[in-house]
1. Can you name every residue in region 83-133 that is in a strand (DSSP E or B) and of a type in the set (A, V, I, L, M, F, W, C)?
2. Quick one: count up the residues across region 5-15 that are surrounded by fewer than 20 Cβ atoms within 10 Å (Cβ to Cβ), of a type in the set (A, V, I, L, M, F, W, C) and touching a residue at least 60 places away in the same chain (Cβ under 8 Å).
3. Restricting to region 126-143, name every residue that is within 17 Å of the chain's Cα centre (by Cα) and modelled with pLDDT under 95.
4. State yes or no: is SER175 polar (S, T, N, Q) and either within 20 Å of ALA98 (Cα to Cα) or touching a strand residue (DSSP E or B) at 6+ places or on another chain (Cβ under 9 Å) (or both)?
5. Examine region 212-223 for a residue that is over 19 Å from GLY88 (Cα atoms), in contact with a Phe, Trp or Tyr (Cβ under 6 Å, 6 or more places away or on another chain) and in a helix (DSSP H, G or I), and state whether such a residue exists.
6. For GLU55, indicate whether it is of a type outside the set (Val, Ile, Thr), in contact with a Leu (Cβ under 8 Å, 6 or more places away or on another chain) and under 23 Å from VAL171 (Cβ atoms).
7. Of the residues in region 124-147, how many are within 14 Å of ILE207 (Cβ to Cβ) and charged (D, E, K, R)?
8. Look at region 146-169 and say how many of its residues are among the aliphatic types (A, V, I, L, M) and either part of a loop (DSSP other than H, G, I, E, B) or modelled with pLDDT under 95 (or both).
Amino acid sequence: MSIAENLARLHDQIAAACRQANRPTSEVALMAVSKVHPVEVILEAHAAGQRLFGENRVQEFAEKFPLVAHLSDPTRSSPPYAQYHLIGPLQSNKTTRAAELFHSIDTVDSLKIAQRLNSAALALNKKLPILIEVKLSHEESKHGLAPDDLPALLNDLAAFENLIPSGLMTVPPWSEDAETARPYFQHLRRLRDEQQRLHPTLTQLSIGMSNDFTVAIEEGSTCIRVGTALFGKRIYPTP
């Protein structure tokens with residue numbers, strides 16, 4: 001199936017999941033995860049109406065950006081404009097470039113990274129939305145902040161005028177059974193709800209991927225991150 005056909009099918013599935021959860025579809029954004037795919041998939045998905053994209057590596061997207069920058073340029077493209085989010089771990093030496101390239105950094109997990117991003121955003125005269133990645137899985141391959149450290153980081157972020165803490169994200173252990181992800185999604189939602197009382201900008205829940213997004217929607221996801229179900233298997237291996 002073409003990307004346009006996959007996109008239409010995904011929107012149908014999102015709408016069905018929202019009906020099941022008694023939620024309006026406007027509450028759930030679809031992020032197209034274009035990491036390790038060539039730039040052509042971004043262009044094709046954009047032509048089919050997709051506007052939100054997720055990339056894992058700063059350097060990889062820096063190479064793609066010259067070919068897709070016009071999609072997010074309000075002087076050259078028709079609204080709504082494309083947005084690009086970093087959804088992979090961020091090294092401190094790449095924070096300046098990340099702040100330049102991305103509309104949001106969705107994987108902040110330390111005060112050090114937040115400080116560097118705030119300085120970079122200040123230099124760019126930019127208000128930069130961020131999500132805090134929380135590690136709820138015991139897998140060594142997963143990244144994120146320990147849940148117990150979340151309140152302290154959010155309190156520290158209040159001093160950073162150029163960062164907007166918009167919500168939380170997590171990646172549960174992968175399983176063919178989507179139900180195994182539900183406890184992780186529920187845990188993250190509880191954390192968000194607890195902290196939102198003190199930090200009103202913390203509204204977003206970035207949970208759910210190709211294999212479990214219907215469960216994520218039932219548990220309050222505001223953004224699902226879909227790659228394989230939209231673009232198929234990765235076209236070339238991760239370096």
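1. If the condition is that a residue be in a strand (DSSP E or B) and of a type in the set (A, V, I, L, M, F, W, C), then LEU86, ILE105, VAL108, LEU128, ILE130, LEU131, ILE132 are the ones that fit.
2. Qualifying residue count for the region: 1.
3. LYS142, HIS143
4. no
5. Within region 212-223, one or more residues are over 19 Å from GLY88 (Cα atoms), in contact with a Phe, Trp or Tyr (Cβ under 6 Å, 6 or more places away or on another chain) and in a helix (DSSP H, G or I).
6. In short, yes.
7. Going through region 124-147 one residue at a time, the tally reaches 3.
8. Within region 146-169, the first condition is being among the aliphatic types (A, V, I, L, M), and the residues that meet it are 146, 150, 152-154, 157-159, 163-164, 168-169.
Still in the list and also either part of a loop (DSSP other than H, G, I, E, B) or modelled with pLDDT under 95 (or both): 146, 158-159.
So the count comes out to 3.
The values are calculated or read from the model by the stated rules, or taken from the named source; none is laboratory data. Computed from a predicted model, the values in this text were never measured in an experiment. Backbone-built Cβ (ideal geometry, glycine too); neighbour counts: all protein chains shown.
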